[in-house]
There are 2 protein chains.
Amino acid sequence: MSDGVTGLIETEVRAEPRNGERRRGIDRVITLLEALLRQRAPMRVGDIAKMIGAPRSTTYEIVNSLLEAEMLENVGTEGYVYFGKAMHLFGWAYSHHNAHYRRIIETLDRLGEETGETVQLCGLRGNKYVVLDCRDSPGPFRISSDVGVEVPIPWTASGRLLLGHMSKQEIQDFIPPGDYKLPDGRVIAPAEFFGDVALARQQGFSETAALADRFTWCMAAPIRDGNGAINKTLCFVLPVDTPEARRSELLVQLCERARGLSLAGS
Amino acid sequence: MSDGVTGLIETEVRAEPRNGERRRGIDRVITLLEALLRQRAPMRVGDIAKMIGAPRSTTYEIVNSLLEAEMLENVGTEGYVYFGKAMHLFGWAYSHHNAHYRRIIETLDRLGEETGETVQLCGLRGNKYVVLDCRDSPGPFRISSDVGVEVPIPWTASGRLLLGHMSKQEIQDFIPPGDYKLPDGRVIAPAEFFGDVALARQQGFSETAALADRFTWCMAAPIRDGNGAINKTLCFVLPVDTPEARRSELLVQLCERARGLSLAGS
DNA sequence: CGTTATTGTCCGATATTCCAGACAATAGGC
DNA sequence: GCCTATTGTCTGGAATATCGGACAATAACG
């Protein structure tokens, strides 16, 4: 489990734990599933209850319902639960319901095979960046962050592209202030970041070197939807010492493929 | 979309629509997601309400909550919703949380590539058979049923293996009587089916020719978990006129790979 | 342009869900 | 063996989520 970007797990989830407040079952379910996604490992009911700030009795009730629906599954010797088969099926349905997504996955496969590099499909989830799918390089060099883990947008090359439609003001309102702080303590000046976003928009691609961690060179190219908006990107994660010649070759390929997947202007 | 096995979509979902009864939000959510999976296409809120037998106002409320959590997503011009990004992430987490599943997927990939045939990973979901993942043959011959669609167990080769741990009586209680009726109207005698199950258990594989539809020859091999139980199968879907020599060659490969993936007795 | 169906939103009331807390049963820790 | 922490289950009561139905706004039809 790549500990670089992934490592930081906060214990609190997001909710305002205003005491004495009663919450809907649906909201509990949503919070629970998101907590499980963050944890990225089977959890015990008691710990889930603590993590989402719900009464134990309620948590048991909900977990049992979800177990019955196979949205959760018992795993390991005893007491641990994690996502279940139904989730797999729902997720599969999501990613195959349109021909476009299927084409993207095929391209991801091919790109990974042909280049032997780590390739990712990225997008936004709320005001965070997430990896939607990836093909890891077969070599010993394996640095991709896990699918589904939320990462601050300014840490990533793709993030600079995905904000291309926003004004400086909108970006300012959108990004939580703390997200400009990198894992090693450095802080990206917002003004610089706005410049990066503008540059990415102008160039039609974005690169970052040794940003979120010291070892990677990332390059991202936009996939545009029918309206020309960018809501997904294709992205290489390379060793930072990859020679320039190789990098520019890969960049060209990446941009070509991403353009081929875009729906507008074709 | 392969219409053979998939085509039959009932409108009712499963619930007993005892009138005047009030239902929990959680249960509504579960029913809703299952309905969407059955439909296998974006739906409008009104139709969802009808399909799951919920009041419109309630359905709107729930759908909006799920939209906000990105468990559902607006799709198309207006009013249609389908599974959302969060589902994809949950499902991805499910299928990658253990090394065993990852190994299975790799084998599926390799088997599909090497043979060029349609390969499936199958399992049970309640008392139905479902395809969990598949690699479609690249040729014009593409007959696999869709991932996640529930199919009566007696229609399938894998089903015969997956019931291997049950007694005749247990099987009888487990399979809904209507499930012995094939799509073309023929009916499988339960006694014959019990025999098939026993044979599959004894042989360690199962084959069906032109059963669920006239064009396919299916062969399935068991993947055993740590206790020796069969809860997944690997399975080829071949054109029914595949020569015997080729078939037996594939069968050997399939059984080898499946045994390699089994956790017990290795 | 009426007539009929739909869609999305809002409201008040009541049937119910969610919560707090108690309970027995294990499982350590020392 | 005593003390503490945990797990899974149950219960009664009160806060509230679900429901039926009304509403305006479109849309579909002839």
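Some observations on this one:
- Within region B:56-78, the set of residues being within 28 Å of the chain's Cα centre (by Cα) and assigned to a loop (DSSP other than H, G, I, E, B) comprises B:69, B:70, B:71, B:75, B:76.
One line per residue, one yes/no per condition, for (1) charged (D, E, K, R); (2) assigned by TED's automatic domain parsing to the domain that holds residue A:120; (3) on the phi > 0 side of the Ramachandran plot:
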site: A:184; (1), (2), (3): yes, yes, no
site: A:188; (1), (2), (3): no, yes, no
site: A:192; (1), (2), (3): yes, yes, no
site: A:204; (1), (2), (3): no, yes, yes
site: A:220; (1), (2), (3): no, yes, no
site: A:232; (1), (2), (3): yes, yes, no
site: A:238; (1), (2), (3): no, yes, no
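- Elements of type helices (runs of 4 or more DSSP H) contained in region B:150-260, each with 1 or more residues being surrounded by fewer than 16 Cβ atoms within 10 Å (Cβ to Cβ): B:168-174, B:190-203
- Hits in region A:35-82 - residues which are more than 14 Å from chain B (Cβ to nearest Cβ) and at positive phi: A:53, A:79
- Qualifying residue in region A:83-93 (condition: within 11 Å of chain B (Cβ to nearest Cβ), part of a loop (DSSP other than H, G, I, E, B) and more than 10 Å from DNA strand C (Cβ to nearest atom)): yes
- With respect to (1) at pLDDT 90 or above; (2) over 26 Å from residue B:40 (Cα atoms); (3) buried (at least 20 other Cβ atoms within 10 Å of the Cβ), the lone exception for residue A:5 is condition (1).
- Inspection of region B:111-131 finds no residue satisfying the criterion of being charged (D, E, K, R), closer than 24 Å to residue B:45 by Cβ and within 11 Å of another protein chain (Cβ to nearest Cβ).
- Take the conditions (1) within 11 Å of DNA strand C (Cβ to nearest atom); (2) in contact (Cβ under 8 Å) with a residue 40 or more places away in the chain; (3) of a type in the set (D, E, K, R); residue B:47 misses just one of them, which is (2).
Conditions (1) closer than 30 Å to residue A:163 by Cα; (2) β-branched (Val, Ile, Thr); (3) more than 14 Å from DNA strand D (Cβ to nearest atom), marked per residue:
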position: A:57; (1), (2), (3): no, no, no
position: A:61; (1), (2), (3): no, no, no
position: A:70; (1), (2), (3): no, no, yes
position: A:89; (1), (2), (3): no, no, yes
position: A:100; (1), (2), (3): yes, no, yes
position: A:103; (1), (2), (3): yes, no, yes
position: A:118; (1), (2), (3): yes, yes, yes
position: A:121; (1), (2), (3): yes, no, yes
position: A:124; (1), (2), (3): yes, no, yes
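- Every condition in (1) assigned to a helix (DSSP H, G or I); (2) at pLDDT 90 or above; (3) more than 14 Å from DNA strand D (Cβ to nearest atom); (4) more than 7 Å from every other protein chain (Cβ to nearest Cβ) is met by residue B:32 except one, and the failing one is (3).
The values are calculated or read from the model by the stated rules, or taken from the named source; none is laboratory data. These figures come from a predicted structure and were not determined experimentally. Note that we place each Cβ from the backbone using ideal geometry, even for glycine, and neighbour counts take in every protein chain shown.
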